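Worksheet: the structure to be examined is printed underneath.
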2 protein chains.
Amino acid sequence: MSDEQLVATVRHFNRSVTQRVGALDDAYLTRGRPLAQARLLWEIGPAGAEIAALRTRLNLDAGYLSRLLRTLEGDGLVMVGSADGDGRVRTARLTAAGRAEWDVLDRLSDELAWSILAPLSESQRARLAGAMAEVERLLMASLVELQPCHPGDPRARACLRAYARELDRRFDGGFDPARSGMDDEELVPPNGLFLVATLSAEPVGCGALRLHPGGPAEIKRVWVSESVRGLGVGRRIMGELEQRASAAGADTVRLDTNRTLTEAIRLYRTSGYHEIPAYNDNPYAHHWFAKPLDPAAAPPL
Amino acid sequence: MSDEQLVATVRHFNRSVTQRVGALDDAYLTRGRPLAQARLLWEIGPAGAEIAALRTRLNLDAGYLSRLLRTLEGDGLVMVGSADGDGRVRTARLTAAGRAEWDVLDRLSDELAWSILAPLSESQRARLAGAMAEVERLLMASLVELQPCHPGDPRARACLRAYARELDRRFDGGFDPARSGMDDEELVPPNGLFLVATLSAEPVGCGALRLHPGGPAEIKRVWVSESVRGLGVGRRIMGELEQRASAAGADTVRLDTNRTLTEAIRLYRTSGYHEIPAYNDNPYAHHWFAKPLDPAAAPPL
DNA sequence: TCATATAGCTGACTTTAGTCAGGTAACCAG
DNA sequence: CTGGTTACCTGACTAAAGTCAGCTATATGA
């Protein structure tokens, strides 16, 4: 398919599917309540939710949200109480009546989904579900955003914790972050940089670059969350780091890795990296890779 | 996949894809204008549109639509004039400024689509577009509604005209509706019935049933529009007619067909019909089929 | 302990969306 | 040419959505 055809397909999909199904959904799942209230009730869910979380998830004005909560409280569907830790943070929970209402919405949501499947034949149903899952997955991949951030940023901290946890689980003999110590300051311009990958504001991956003026740049701490693995996020992070390394004047990037990280090693090999002799004494490293950078292919960002 | 898994997939899709992409679309394509105005401007399009058509397409109240048009006229984007034929029918057209604005929306729509494709690899793009097209097609199939209507209904007339046009094109020697004449009254309960298939209120297919108390029912005038062929609509129409025949007490349905309608013949054969000797002297018929009905499988509707 | 920041709340708005009951002009069938 | 229909318009609403400034209570860091 040509790019024009791809774009036309996506446009068509956006209009027809999005609008039609979206309208169906809204009409069906509000139960006479205003849409905003219904959505809020749904989003609070049986487990309850912090108000700040609701605000970001539904992208609502603080005042507006507060008012919506008062209405739901007035209807006896929701209770808002202070959380244990911080007295400013408040948590919304469903009352028994609210939970009953939520269960109805849950059931209606099932019915709506079934009403879409029902007119189709067995094989069409399977194809539809398969295609929907594929669209969702790839759209997820497309909505992952890469941006530089300070390694001390809460999103970066979350990624680095998950990274260390995973290495500890996978390395023979575990992983001690202290032994591969690297100061945050080394991952801040002009010494280096830290990239975080987010999916609707949730951190789902990271990667860091250490710049050594006059020598090869070094890629470190590339990690991708389970939830988005297999969507090419790792490859995008690598590509972005390489571009930035090139823009900063490096003509080579290199990295080290542990033999247990087989999918990472595969990624390096298929991305133009070749194995080189050890260039450091990282106790966790078994393989060292390098890739020459083509300055022409790396327009400054 | 089990039914539960299918439903879960569809629900997930509805929430994440529909809402996310829908919100993106709306935010991106309104250009500071209220959503309803932006949609209306878009829907009028470079070719202009009759107001009645806009009303049904956008599903708007007549008064509300009128007011929206006045606003767009006030902004110099649209002109509303009477159509040539009927002085009551009015047509909305874009002014030069309106056309310019429409072009911007068109471009933005392309950009939005591209922004979804851009972060993906070549092969992911192709897979996404493929899956989107599949979802759209199957959703279309699912949104086709079957309902009985009077053969004099405008939707029925439109289908029957298209049906006759197609037969005339395909039969050796053409087709003259008069020679296969059947009175509308024969296709109205209790003598028979007429089904129309609609996709968002547009007629896209039809089928008729002629009841002969004490004898086999007869299926006639099954037609499916090009736009939804291959989506199983024909099979659904047949199934629905058979159920209604069974509910009306028939134990057999039969039908005749022309040898040029190969895909119809294939449909009959794969739906449990077997060829029988001629039971009428329809000059256009080359094959006659019958299917026994199982009363247990046909719950009254 | 005091200044400052954070999390949420309230009141006073504006804008958008949507509905409904009349209207008027054009058409149409007898 | 008359009475009914159709296609659209206007005025007068209501409800929902969204914005903004200023407020209170709690936390935090020097």
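Before moving on, here are some points about what is shown:
- Distance (nanometres) between label positions extended 7 Å along Cα→Cβ at B:GLU43 and A:VAL89: 4.5
- Backbone phi angles across the stretch B:11-24, fed through the Karplus curve with coefficients 6.51, -1.76 and 1.60 (θ = phi - 60°), yield HN-Hα couplings of 4, 4, 4, 3, 5, 6, 6, 4, 5, 4, 5, x, 5, 3 Hz in residue order; Gly and Pro are listed as x.
- Under 14 Å from the A:GLU166 label point (7 Å along Cα→beta-carbon), backbone N, the stretch A:233-249: A:233-238
- Theoretical ellipticity at 222 nm over chain B - DSSP helices of four or more residues, -39500 (n - 2.57) apiece, nearest 500: -14500 deg cm²/dmol
- Drop in accessible area of at least 40 Å² in the complex versus isolated chain, residues of the stretch A:127-170, 1.4 Å probe: A:ARG127, A:LEU128, A:ALA129, A:ALA131, A:MET132, A:GLU134, A:VAL135, A:GLU136, A:LEU138, A:LEU139, A:SER142, A:LEU143
- Buried surface between chains A and B: roughly 5300 Å² of accessible area, summed over both sides, computed with a 1.4 Å probe on protein heavy atoms only.
- Within chain A, longest stretch clear of exposed trypsin sites (Lys or Arg not before Pro) (DSSP loop, no more than 14 other Cβ within 10 Å): A:89-228
- Considering only chain A, percent of DSSP beta bridges that pair antiparallel, nearest 5: 95
- Accessible surface of the protein assembly as shown [probe 1.4 Å, protein heavy atoms]: carbon and sulfur percent: 52
- Structural descriptor for the stretch B:143-297: relative contact order 19 percent, calculated from alpha carbon pairs under 8 angstrom and at least 6 residues apart.
- Probe 1.4 Å, protein heavy atoms only - accessible area per residue of the protein assembly as shown in square angstrom: 49
- Cα-based shape type of the stretch A:144-297, given that a ≥ b ≥ c are square roots of the gyration tensor eigenvalues and the cut on a/c is 1.5: rounded
- 3J(HN,Hα) along the stretch A:258-273, derived from phi through the Karplus expression 6.51 cos²θ - 1.76 cosθ + 1.60 where θ = phi - 60°, amounts to 9, 5, 7, 8, 5, 5, 5, 4, 4, 4, 4, 4, 7, 10, x, 8 Hz, with x in place of Gly and Pro.
- Once backbone amide H atoms are built at 1.01 Å from N, B:LYS220 has B:ALA208, B:LEU209, B:ARG210 as its partners under 5 Å, excluding neighbours fewer than 5 places away on the same chain.
- The fraction of Cα-Cα pairs per 20 angstrom bin, counted from 0 for the protein assembly as shown, comes to 15, 37, 32, 13, 2 percent, rounded to whole percents.
- Relative contact order [Cα under 8 Å, 6+ residues apart], chain A, whole percent: 10
- Fraction of the pair-distance distribution of chain B above 36 Å, Cα-Cα pairs, percent: 38
- Two-decimal Rg to Rh for the stretch B:74-186 - Kirkwood Rh, Cα set: 1.15
- Cysteines not pairable in chain B (beta carbon separation under 4.7 Å absent): B:CYS149
- Extension gain, A:SER121 back to A:LEU108 (0.36 nm per residue minus Cα-Cα distance, nm): 2.5 nm
- Gyration tensor over alpha-carbon atoms, the stretch B:3-141, equivalent ellipsoid semi-axes in Å: 34, 19, 14
- Computed on the stretch A:202-273, with alpha-carbon pairs under 8 angstrom and 6+ residues apart, the relative contact order is 31 percent.
The values are calculated or read from the model by the stated rules, or taken from the named source; none is laboratory data. Just so we're clear, the structure is a prediction, and the values are computed from it rather than from any experiment. Backbone-built Cβ (ideal geometry, glycine too); neighbour counts: all protein chains shown. The area values use the complete protein model at the heavy-atom level, side chains included, leaving out ligands, DNA and RNA. Shrake-Rupley method; radii C 1.70, N 1.55, O 1.52, S 1.80 Å.
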